[in-house]
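Q: Supplied in structure tokens, the structure appears directly below.
None of the figures in this text is laboratory data; all of them are computed from the coordinates on show. The model shown is predicted, which means the values in this text are computed figures rather than measured ones. When we count neighbours, we look across all protein chains shown, and the Cβ atoms used for this are built from the backbone with ideal geometry, even at glycine.
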């Protein structure tokens with residue numbers, strides 16, 4: 001249990017709207033528009049075979065966005081979750097999505113062994 005500052009609770013809750021929107025929009029683009037430009041990014045660039053990793057990125061974004069919308073509905077419409085519960089669910093979802101997308105991007109790009117090593121004299 002932490003110290004509750006109501007304005008920060010509302011800011012975090014309202015921040016879930018754009019987060020859920022962008023994640024679900026990315027899933028929409030992958031699924032229906034077949035746009036793979038945002039799949040498994042590393043340094044802002046997709047891998048050469050982005051279509052191969054699109055189902056994984058779709059699942060990551062769809063699950064994350066759906067959980068965020070579920071939290072928003074549960075808190076604002078049904079008032080079914082108390083502060084600690086919805087913050088825990090939203091926080092864990094946010095971090096897991098970030099870590100999963102990061103890991104997918106690194107896996108999709110692989111390790112570049114062709115980089116020149118610095119030579120010391």
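Q: Taking the beta-carbon count within 10 Å as an exposure proxy, list 39, 63 from fewest neighbours to most. Spell out each step's value before the answer.
A: Working: 39 26, 63 16.
Fewest-to-most ranking of 39, 63: 63, 39.
Q: Same structure, new question: How do 68, 87 line up, fewest other C-beta atoms within 10 Å first?
A: On the way: 68 24, 87 18.
Neighbour counts put them in this order, fewest first: 87, 68.
Q: Helix 6-31 versus the longest principal axis of the chain: what is the Cα-based angle in degrees, 0 to 90, to the nearest 10?
A: Orientation of helix 6-31: about 50 degrees from the principal axis.
Q: For the Cα atoms of the chain, what angle does the longest principal axis make with the long axis of helix 50-76, in degrees from 0 to 90, nearest 10?
A: 10
Q: Working from Cα positions, state the angle (0 to 90°, nearest 10) between the long axis of helix 83-109 and the longest principal axis of the chain.
A: Here the helix axis deviates by roughly 10 degrees.
Q: Can you sort 57, 38 from fewest to most other Cβ atoms within 10 Å of each residue's own Cβ? List each step's numbers first, then the result.
A: On the way: 57 24, 38 18.
The fewest-first ordering by Cβ neighbours comes to 38, 57.
Q: Given that just one value was derived from the coordinates, which of (1) 119; (2) 149; (3) 110 is volume of the Cα convex hull per residue in Å³?
A: (2)
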